[in-house]
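Reviewing the structure listed below.
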Amino acid sequence: MAEPIFRYHPDPLASGSASRTDHVCSVCGVERQIRYQGPVYGEQPESLCLHCIHSGAASRVLSVPGGDGEDSGMAAMFSDVLGVPDDVPFSVVEEITQRTPGFASWQQESWLFHCGDGAAFLGPAGYRELEAHPEALAMLREDHQRYGWAPAETEQFLRQLDRTGEPTAYLFRCLHCNTSLASWDMG
Ligand SMILES: [Zn+2]
Ligand SMILES: [Zn+2]
């Protein structure tokens, strides 16, 4: 059976949010080959397949009343979103938080948005991966400048970025203008 396609998380195997593992999904009870590995902000399923994330079954079954994000009328299930731009429709936020695989990060992760839409999450990235995406590096430099970091400090920090260690950057791509975007966090 074909694996579901996620607009905002095109390759969960490549990003590390899923692995190729034979398992029986706790939500649908079906034997599956791909297992979700990312965070669940709700009841913790023993095993979860991507089909159940895609269909919305997982967020219905696993959601806990009074969970995170109730103020905004929506509990985050797989990803949290902060500072969503005004031009992003609510349906996009709903799809990202409830029906898209999330990703593990050292701190609370936050999805990136661009051109009035959610961006596609590509995966964690270190300096080496980011060098292929100068716009993403520029975005991190701007972020740091805003926080008052000295340029030398920023460059040192960027060179420490590691795909599997910390600090880590998270690489996204805009689905409309194709710009590369990145966020970062530190353990
Ligand atoms: Zn399932
Ligand atoms: Zn864009």
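Only the coordinates and a few stated rules stand behind these numbers; no lab work does. Here the structure is a predicted model, which is why all the values come from computation and not from measurement. With ideal geometry, Cβ positions are generated from the backbone for all residues, glycine too; neighbour counts draw on all protein chains shown.
Take every pair of alpha-carbon atoms less than 8 Å apart whose residues are at least six positions apart; their mean separation over the length of the chain yields a relative contact order of 19 percent. Peptide packing for 162-173, 91-102 was compared via the average number of neighbouring C-beta atoms within 10 Å per residue; ordered from the highest value, the list is 91-102, 162-173. Neighbour counts of C-beta atoms inside 10 Å place I53, I5 in the sequence I5, I53, starting with the fewest.
Taking a temperature of 25 °C and a viscosity of 0.890 mPa s, what whole-number D in µm²/s does Stokes-Einstein yield for segment 85-187 with Rh from Kirkwood over alpha carbon pairs? Estimated diffusion coefficient is 174 µm²/s. Given R0 = 22 Å, the distance between the Cβ atoms of E94 and I5 translates into a calculated FRET efficiency of 0.80.
Fewest-first ordering of F157, F121, F113 by other beta carbons within 10 Å of each residue's beta carbon gives F157, F113, F121.
Which of rounded, prolate, oblate describes segment 129-187, given a ≥ b ≥ c as roots of the alpha-carbon gyration tensor eigenvalues and a/c under 1.5 marking rounded, otherwise prolate only if a/b is larger than b/c?
Details: a/c = 1.98, a/b = 1.34, b/c = 1.48.
Oblate is the answer for segment 129-187, as a/c is 1.5 or above yet b/c matches or exceeds a/b.
Taking the 0 to 90 degree range and rounding to the nearest ten, how far is the long axis of helix 134-146 tilted relative to the main principal axis of the chain, both from C-alpha atoms? In the chain, helix 134-146 runs at an angle near 70 degrees to the longest axis.
Scanning residues 5 or more positions from V24 or on other chains, those with amide H under 5 Å from its amide H are R32, with H placed 1.01 Å from N in the peptide plane. Every helix of 4 or more DSSP H residues in the chain counts as -39500 (n - 2.57), and over all residues that averages to -7000 deg cm²/dmol at 222 nm.
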